[in-house]
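These notes are about the structure you will find just below.
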Amino acid sequence: MQGENRQIAVLLREAAELLAAQGGNPFRAGAYRGAADTIERLEQPLRAVFEREGRAGLIALPHIGEGIASALAEILVTGRWAQLERLRGDDAAPERTFQAVPGIGPDLARRIHEYLHLDTLEALENACRDGSLVEVPGIGTRRAAAICAALTAMLDRKRALRRPLDRPRPANGPAIEMLLDVDHEYRDRAAAGRLPTIAPKRFNPAGDAWLPVLHTRRSDWHFTALFSNTARAHELGRTRDWVVIYFYDDAHIEGQHTVVTETRGTLASERVVRGRETECRAFYAARGDAQTPAAQPGRASRVKSARSTSRPARSR
(Lines give C-alpha, C1' and ligand atoms only; values in the text may rest on other atoms or scores of the structure.)
Protein backbone atom coordinates (compact mmCIF):
# COMPACT_ATOMS: atom_id res chain seq x y z
CA MET A 1 0.00 0.00 0.00
CA GLN A 2 2.91 2.33 0.63
CA GLY A 3 3.75 1.69 -3.01
CA GLU A 4 0.28 2.95 -3.88
CA ASN A 5 1.00 6.13 -1.90
CA ARG A 6 4.09 6.71 -4.03
CA GLN A 7 2.13 6.07 -7.23
CA ILE A 8 -0.51 8.63 -6.25
CA ALA A 9 2.18 11.16 -5.38
CA VAL A 10 3.68 10.65 -8.85
CA LEU A 11 0.27 11.37 -10.43
CA LEU A 12 -0.12 14.57 -8.42
CA ARG A 13 3.34 15.81 -9.43
CA GLU A 14 2.64 15.00 -13.07
CA ALA A 15 -0.59 17.02 -12.90
CA ALA A 16 1.31 19.92 -11.33
CA GLU A 17 3.93 19.92 -14.10
CA LEU A 18 1.38 19.68 -16.89
CA LEU A 19 -0.79 22.39 -15.37
CA ALA A 20 2.18 24.71 -15.04
CA ALA A 21 3.35 24.00 -18.60
CA GLN A 22 -0.15 24.76 -19.94
CA GLY A 23 -0.38 28.11 -18.19
CA GLY A 24 -2.77 26.93 -15.51
CA ASN A 25 -3.26 28.26 -12.00
CA PRO A 26 0.17 28.24 -10.30
CA PHE A 27 -1.45 27.99 -6.89
CA ARG A 28 -3.27 24.84 -7.96
CA ALA A 29 -0.02 23.36 -9.28
CA GLY A 30 1.64 24.18 -5.96
CA ALA A 31 -1.25 22.55 -4.09
CA TYR A 32 -0.76 19.34 -6.07
CA ARG A 33 2.93 19.31 -5.18
CA GLY A 34 2.21 19.93 -1.51
CA ALA A 35 -0.34 17.11 -1.45
CA ALA A 36 2.17 14.80 -3.16
CA ASP A 37 4.73 15.52 -0.43
CA THR A 38 2.13 14.79 2.26
CA ILE A 39 1.10 11.47 0.73
CA GLU A 40 4.65 10.34 0.11
CA ARG A 41 5.54 10.95 3.77
CA LEU A 42 2.37 9.38 5.14
CA GLU A 43 3.16 6.49 7.47
CA GLN A 44 0.00 4.58 6.63
CA PRO A 45 -1.69 3.71 3.34
CA LEU A 46 -3.81 6.56 2.02
CA ARG A 47 -6.42 3.99 1.05
CA ALA A 48 -6.76 2.94 4.70
CA VAL A 49 -7.40 6.55 5.73
CA PHE A 50 -10.04 6.91 3.03
CA GLU A 51 -11.80 3.63 3.81
CA ARG A 52 -11.83 4.42 7.53
CA GLU A 53 -12.72 8.13 7.45
CA GLY A 54 -13.83 8.97 3.92
CA ARG A 55 -13.06 12.34 2.34
CA ALA A 56 -13.09 14.00 5.75
CA GLY A 57 -10.04 11.93 6.70
CA LEU A 58 -8.23 13.01 3.53
CA ILE A 59 -9.01 16.68 4.14
CA ALA A 60 -7.64 16.38 7.66
CA LEU A 61 -4.19 15.64 6.19
CA PRO A 62 -1.77 18.57 5.66
CA HIS A 63 -1.97 20.38 2.29
CA ILE A 64 -5.10 18.52 1.17
CA GLY A 65 -8.25 20.58 0.66
CA GLU A 66 -11.68 19.54 -0.57
CA GLY A 67 -10.78 19.67 -4.26
CA ILE A 68 -7.68 17.49 -3.97
CA ALA A 69 -9.48 15.16 -1.57
CA SER A 70 -12.13 14.63 -4.24
CA ALA A 71 -9.43 13.88 -6.81
CA LEU A 72 -7.81 11.39 -4.44
CA ALA A 73 -11.19 9.74 -3.81
CA GLU A 74 -11.68 9.41 -7.57
CA ILE A 75 -8.28 7.75 -7.93
CA LEU A 76 -8.87 5.38 -5.02
CA VAL A 77 -12.40 4.41 -6.09
CA THR A 78 -12.00 4.22 -9.89
CA GLY A 79 -8.25 3.94 -10.47
CA ARG A 80 -8.49 6.95 -12.80
CA TRP A 81 -8.27 10.72 -12.57
CA ALA A 82 -10.20 12.54 -15.31
CA GLN A 83 -8.45 15.87 -14.75
CA LEU A 84 -5.01 14.35 -15.28
CA GLU A 85 -6.21 12.55 -18.40
CA ARG A 86 -7.40 15.87 -19.85
CA LEU A 87 -4.08 17.50 -19.02
CA ARG A 88 -2.34 14.66 -20.88
CA GLY A 89 -4.51 15.23 -23.95
CA ASP A 90 -6.21 11.87 -23.54
CA ASP A 91 -9.53 12.80 -25.11
CA ALA A 92 -10.74 9.18 -25.16
CA ALA A 93 -10.94 9.26 -21.35
CA PRO A 94 -14.74 9.84 -21.20
CA GLU A 95 -15.34 6.69 -23.22
CA ARG A 96 -13.36 4.61 -20.75
CA THR A 97 -15.30 6.26 -17.92
CA PHE A 98 -18.63 5.16 -19.40
CA GLN A 99 -17.38 1.60 -19.95
CA ALA A 100 -17.24 1.23 -16.16
CA VAL A 101 -21.06 1.15 -16.19
CA PRO A 102 -22.52 -2.34 -16.67
CA GLY A 103 -24.18 -2.56 -20.08
CA ILE A 104 -21.93 0.00 -21.79
CA GLY A 105 -19.24 -1.36 -24.10
CA PRO A 106 -16.61 0.53 -26.12
CA ASP A 107 -18.82 1.31 -29.14
CA LEU A 108 -21.76 2.49 -27.07
CA ALA A 109 -19.48 4.56 -24.84
CA ARG A 110 -18.14 6.33 -27.94
CA ARG A 111 -21.65 7.02 -29.27
CA ILE A 112 -22.79 8.43 -25.92
CA HIS A 113 -19.81 10.77 -25.78
CA GLU A 114 -20.17 11.97 -29.36
CA TYR A 115 -23.94 12.32 -29.63
CA LEU A 116 -24.62 13.81 -26.19
CA HIS A 117 -21.25 15.56 -25.63
CA LEU A 118 -21.00 14.03 -22.17
CA ASP A 119 -17.83 13.55 -20.17
CA THR A 120 -18.66 12.43 -16.62
CA LEU A 121 -20.84 9.82 -14.95
CA GLU A 122 -22.79 12.63 -13.30
CA ALA A 123 -23.56 14.12 -16.72
CA LEU A 124 -24.66 10.68 -17.91
CA GLU A 125 -26.96 10.46 -14.90
CA ASN A 126 -28.56 13.76 -15.96
CA ALA A 127 -29.11 12.26 -19.42
CA CYS A 128 -30.94 9.40 -17.72
CA ARG A 129 -33.17 11.84 -15.86
CA ASP A 130 -34.09 14.02 -18.83
CA GLY A 131 -34.57 11.09 -21.21
CA SER A 132 -31.89 12.13 -23.70
CA LEU A 133 -29.97 8.84 -23.30
CA VAL A 134 -32.58 7.04 -25.42
CA GLU A 135 -31.72 9.38 -28.33
CA VAL A 136 -28.33 7.71 -28.74
CA PRO A 137 -28.38 5.23 -31.65
CA GLY A 138 -28.55 1.68 -30.39
CA ILE A 139 -30.19 2.51 -27.05
CA GLY A 140 -33.85 1.72 -26.61
CA THR A 141 -36.08 2.39 -23.63
CA ARG A 142 -35.41 -0.94 -21.91
CA ARG A 143 -31.64 -0.77 -22.43
CA ALA A 144 -31.54 2.82 -21.19
CA ALA A 145 -33.46 1.83 -18.05
CA ALA A 146 -30.99 -0.97 -17.29
CA ILE A 147 -27.99 1.30 -17.83
CA CYS A 148 -29.48 4.03 -15.67
CA ALA A 149 -30.24 1.63 -12.83
CA ALA A 150 -26.65 0.33 -12.84
CA LEU A 151 -25.28 3.89 -13.04
CA THR A 152 -27.40 5.08 -10.13
CA ALA A 153 -26.14 2.21 -7.98
CA MET A 154 -22.52 3.12 -8.83
CA LEU A 155 -22.98 6.81 -8.10
CA ASP A 156 -24.89 6.17 -4.89
CA ARG A 157 -21.88 4.25 -3.57
CA LYS A 158 -19.60 7.11 -4.62
CA ARG A 159 -21.86 9.75 -3.07
CA ALA A 160 -22.08 7.81 0.19
CA LEU A 161 -18.35 8.36 0.66
CA ARG A 162 -18.60 12.14 0.37
CA ARG A 163 -22.10 12.86 1.68
CA PRO A 164 -21.08 14.60 4.94
CA LEU A 165 -19.28 17.26 2.87
CA ASP A 166 -21.92 17.72 0.18
CA ARG A 167 -23.13 21.25 -0.46
CA PRO A 168 -26.10 22.52 -2.43
CA ARG A 169 -25.35 22.07 -6.13
CA PRO A 170 -26.28 24.58 -8.82
CA ALA A 171 -28.78 22.97 -11.16
CA ASN A 172 -26.49 23.18 -14.19
CA GLY A 173 -23.13 24.36 -12.88
CA PRO A 174 -21.73 27.77 -13.79
CA ALA A 175 -24.03 30.49 -15.11
CA ILE A 176 -24.56 30.82 -18.86
CA GLU A 177 -22.81 34.19 -19.05
CA MET A 178 -19.76 32.71 -17.35
CA LEU A 179 -19.56 29.77 -19.76
CA LEU A 180 -19.96 32.04 -22.79
CA ASP A 181 -17.27 34.33 -21.44
CA VAL A 182 -14.84 31.42 -21.10
CA ASP A 183 -15.80 30.29 -24.62
CA HIS A 184 -15.09 33.77 -25.98
CA GLU A 185 -11.74 34.02 -24.20
CA TYR A 186 -10.69 30.59 -25.47
CA ARG A 187 -11.59 31.17 -29.11
CA ASP A 188 -10.14 34.68 -29.09
CA ARG A 189 -6.78 33.60 -27.64
CA ALA A 190 -6.64 30.42 -29.75
CA ALA A 191 -7.18 32.45 -32.94
CA ALA A 192 -4.38 34.80 -31.91
CA GLY A 193 -2.01 31.90 -31.18
CA ARG A 194 -1.75 32.94 -27.54
CA LEU A 195 -2.47 29.59 -25.91
CA PRO A 196 -0.26 26.57 -25.16
CA THR A 197 -1.07 23.49 -27.22
CA ILE A 198 -1.23 19.80 -26.36
CA ALA A 199 -1.02 16.64 -28.47
CA PRO A 200 -4.36 14.80 -28.35
CA LYS A 201 -4.23 11.02 -28.47
CA ARG A 202 -6.97 10.59 -31.09
CA PHE A 203 -6.97 11.71 -34.74
CA ASN A 204 -3.35 12.72 -34.39
CA PRO A 205 -1.13 9.99 -35.85
CA ALA A 206 1.92 12.29 -36.01
CA GLY A 207 1.59 13.19 -32.33
CA ASP A 208 1.60 16.93 -33.08
CA ALA A 209 0.79 19.41 -30.32
CA TRP A 210 -1.95 21.27 -32.18
CA LEU A 211 -4.88 21.49 -29.73
CA PRO A 212 -5.00 24.83 -27.84
CA VAL A 213 -5.86 24.55 -24.15
CA LEU A 214 -7.04 27.22 -21.74
CA HIS A 215 -7.05 27.00 -17.96
CA THR A 216 -8.85 29.90 -16.34
CA ARG A 217 -11.01 30.83 -13.39
CA ARG A 218 -14.16 32.79 -12.73
CA SER A 219 -15.16 33.38 -9.10
CA ASP A 220 -15.04 29.94 -7.41
CA TRP A 221 -15.09 28.01 -10.68
CA HIS A 222 -12.05 26.51 -12.42
CA PHE A 223 -12.31 25.92 -16.17
CA THR A 224 -10.43 24.00 -18.85
CA ALA A 225 -11.46 24.71 -22.46
CA LEU A 226 -10.49 22.83 -25.64
CA PHE A 227 -11.82 22.45 -29.15
CA SER A 228 -13.80 19.24 -29.56
CA ASN A 229 -11.66 16.44 -31.02
CA THR A 230 -14.43 13.88 -31.43
CA ALA A 231 -15.12 11.88 -34.58
CA ARG A 232 -18.42 13.75 -34.91
CA ALA A 233 -16.70 17.14 -34.83
CA HIS A 234 -14.26 16.00 -37.52
CA GLU A 235 -17.06 14.52 -39.63
CA LEU A 236 -19.04 17.78 -39.58
CA GLY A 237 -16.00 20.06 -39.90
CA ARG A 238 -16.62 21.67 -36.51
CA THR A 239 -13.26 21.08 -34.84
CA ARG A 240 -12.69 24.85 -34.69
CA ASP A 241 -16.23 25.66 -33.63
CA TRP A 242 -17.27 23.22 -30.92
CA VAL A 243 -15.61 24.13 -27.62
CA VAL A 244 -15.73 21.70 -24.70
CA ILE A 245 -15.56 23.44 -21.32
CA TYR A 246 -14.79 21.37 -18.23
CA PHE A 247 -15.49 22.94 -14.85
CA TYR A 248 -15.14 22.19 -11.18
CA ASP A 249 -15.01 23.97 -7.86
CA ASP A 250 -13.42 23.05 -4.56
CA ALA A 251 -16.67 21.54 -3.28
CA HIS A 252 -16.32 18.89 -6.02
CA ILE A 253 -19.15 20.21 -8.15
CA GLU A 254 -17.90 19.29 -11.60
CA GLY A 255 -19.02 18.65 -15.14
CA GLN A 256 -18.67 19.81 -18.71
CA HIS A 257 -20.59 21.62 -21.41
CA THR A 258 -20.10 22.00 -25.14
CA VAL A 259 -20.52 25.45 -26.69
CA VAL A 260 -21.38 25.63 -30.40
CA THR A 261 -22.50 28.13 -33.02
CA GLU A 262 -26.22 27.46 -33.48
CA THR A 263 -27.21 26.83 -37.09
CA ARG A 264 -30.99 27.11 -36.95
CA GLY A 265 -33.92 28.59 -35.08
CA THR A 266 -34.10 31.90 -33.23
CA LEU A 267 -30.53 31.51 -31.95
CA ALA A 268 -29.00 30.87 -35.38
CA SER A 269 -25.39 32.17 -35.56
CA GLU A 270 -25.21 32.71 -31.79
CA ARG A 271 -22.89 30.82 -29.43
CA VAL A 272 -25.03 28.38 -27.48
CA VAL A 273 -24.34 26.04 -24.56
CA ARG A 274 -25.66 22.70 -25.78
CA GLY A 275 -28.40 21.39 -23.50
CA ARG A 276 -29.03 24.85 -22.02
CA GLU A 277 -30.58 26.53 -25.04
CA THR A 278 -33.51 27.94 -23.06
CA GLU A 279 -31.13 29.76 -20.71
CA CYS A 280 -29.09 31.02 -23.67
CA ARG A 281 -32.24 32.36 -25.31
CA ALA A 282 -33.13 34.22 -22.13
CA PHE A 283 -29.57 35.53 -21.82
CA TYR A 284 -29.49 36.95 -25.36
CA ALA A 285 -33.04 38.28 -25.09
CA ALA A 286 -32.14 40.16 -21.91
CA ARG A 287 -29.26 41.79 -23.78
CA GLY A 288 -31.34 42.51 -26.84
CA ASP A 289 -29.25 40.12 -28.96
CA ALA A 290 -31.66 37.24 -29.58
CA GLN A 291 -32.49 36.97 -33.26
CA THR A 292 -35.87 36.56 -34.87
CA PRO A 293 -36.24 34.56 -38.10
CA ALA A 294 -36.01 37.83 -40.03
CA ALA A 295 -32.97 39.06 -38.14
CA GLN A 296 -29.69 39.45 -39.92
CA PRO A 297 -27.28 36.50 -39.33
CA GLY A 298 -23.65 36.67 -38.37
CA ARG A 299 -23.99 38.24 -34.98
CA ALA A 300 -22.18 35.41 -33.15
CA SER A 301 -18.79 36.73 -34.18
CA ARG A 302 -19.61 40.07 -32.62
CA VAL A 303 -21.16 38.87 -29.38
CA LYS A 304 -18.96 39.42 -26.38
CA SER A 305 -20.13 37.57 -23.30
CA ALA A 306 -21.06 39.66 -20.31
CA ARG A 307 -17.99 40.36 -18.20
CA SER A 308 -18.35 41.25 -14.55
CA THR A 309 -16.17 44.13 -13.48
CA SER A 310 -15.99 42.68 -10.00
CA ARG A 311 -14.69 39.22 -10.83
CA PRO A 312 -11.14 38.23 -9.84
CA ALA A 313 -8.30 38.34 -12.34
CA ARG A 314 -8.04 35.34 -14.64
CA SER A 315 -5.46 32.65 -14.11
CA ARG A 316 -2.93 32.73 -16.92
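The values are calculated or read from the model by the stated rules, or taken from the named source; none is laboratory data. Note that the structure is predicted; figures quoted are calculated from it, not measured. Counting neighbours? That spans all protein chains shown, and the Cβs are built from the backbone with ideal geometry, glycine included. Side chains included, ligands, DNA and RNA excluded: accessible areas come from the protein's heavy atoms. Shrake-Rupley method; radii C 1.70, N 1.55, O 1.52, S 1.80 Å.
Which of the chymotrypsin sites (Phe, Trp or Tyr not before Pro) across segment 70-134 are loop residues per DSSP, with 10 or fewer other Cβ within 10 Å? Answer in residue order: no site qualifies. Database remark: amide H of I198 closer than 5 angstrom to the amide H of W210, L211, V213 (H placed geometrically; neighbours at sequence offset of 5 or more, or on other chains; Pro and chain starts carry no H).
Under the simplified labelling scheme, the E40-R143 pair shows an inter-label distance of 4.7 nm, with each label point 7 Å from Cα along Cα→Cβ.
Of the peptides 64-70, 199-205, the ranking by mean beta-carbon count within 10 Å, highest at the top, reads 64-70, 199-205. Charge dipole of segment 30-133 (Cα centre as origin; +1 on each Lys and Arg Cβ, -1 on each Asp and Glu Cβ, all else neutral): 140 debye, rounded to the nearest 20.
Karplus-based coupling profile of segment 78-89, in residue order and whole Hz: 10, x, 9, 9, 4, 4, 5, 4, 5, 4, 6, x, with θ = phi - 60° in 6.51 cos²θ - 1.76 cosθ + 1.60 and x standing for Gly or Pro. Length available on full extension from E277 to R96: 0.36 nm per residue minus the Cα-Cα distance, which gives 62.3 nm. Label-to-label distance, A285 versus S132, with points set 7 angstrom from Cα along the beta-carbon direction: 2.0 nm.
Solvent-accessible area per residue in segment 1-53 equals 52 Å², computed with a 1.4 angstrom probe and all protein chains kept.
What nm value, rounded to one decimal, do you get for the distance between A21 and V77 when each label is placed 7 Å out toward the C-beta? Going from the A21 label point to the V77 one covers 3.0 nm. Using a probe of 1.4 angstrom and keeping all protein chains present, the accessible surface of segment 108-150 works out to 45 square angstrom per residue.
For segment 35-91, carbon and sulfur atoms together expose 48% of the accessible surface, with a 1.4 angstrom probe and every protein chain in place.
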